[in-house]
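**Q** Dumping the structure here so I can ask a few things about it.
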Amino acid sequence: MSTYVFSVYNTEARNALDNNQEHPHISMRWATPCRFAVEAENPQKAETCIKEKYPREEGFVTKRLN
């Protein structure tokens, strides 16, 4: 297995921060990118894992850093 690093943030939290507001349901820590390490057999499986945990439909943006 290899370790893959991802950057994750939430667009809804970021938009609220840009408007000097707080999001009613999402912690404002998600307005700035957070880094996560995922161990997986390959990059595709790592990406699937991170996207399942932080889905685009809920405003999350993920980007693999390595």
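**Q** Sorting 34, 49 by accessible area (1.4 Å probe), largest first, what list results?
**A** Ranking 34, 49 by accessible area, largest first, yields 49, 34.
**Q** All other residues with a Cβ under 14 Å from the Cβ of residue 48 taken together, and with Lys, Arg as +1 and Asp, Glu as -1, what is their net charge?
**A** Net of charged neighbours comes to +1.
**Q** Between region 25-66 and region 1-17, what is the separation of their alpha carbon centroids in Å?
**A** Their Cα centres are 5 Å away from one another.
**Q** Per 0.36 nm of contour for each residue apart, how much would the distance between residue 49 and residue 64 grow if the chain were fully extended, relative to their Cα-Cα spacing?
**A** 4.2 nm
**Q** Now a separate question. Taking all protein chains as present, what is the carbon and sulfur share of the accessible area of the chain, in % to the nearest whole number, probe 1.4 Å?
**A** 46 percent
**Q** Measure off 7 Å from each Cα along the Cα-to-Cβ vector at residue 39 and residue 5, then give the distance between these two points in nanometres to one decimal.
**A** The two pseudo-label positions are separated by 1.8 nm.
**Q** How much area per residue is accessible in the chain when the probe is 1.4 Å and only protein heavy atoms are counted (Å²)?
**A** Solvent-accessible surface per residue comes out at 71 Å².
**Q** Another question, if that's okay. Tell me the angle of helix 43-53 to the major Cα principal axis of the chain, expressed in degrees between 0 and 90 and rounded to the nearest ten.
**A** Its long axis makes an angle of about 30 degrees.
The values are calculated or read from the model by the stated rules, or taken from the named source; none is laboratory data. Note that the coordinates shown come from a computational prediction; the quantities given were computed from them, not determined experimentally. All Cβ positions, even for glycine, are placed from backbone atoms using ideal geometry, and neighbour counts span all protein chains on display. Calculation scope for accessible area: heavy atoms of the full protein, side chains included, ligands and nucleic acids excluded. Shrake-Rupley method; radii C 1.70, N 1.55, O 1.52, S 1.80 Å.
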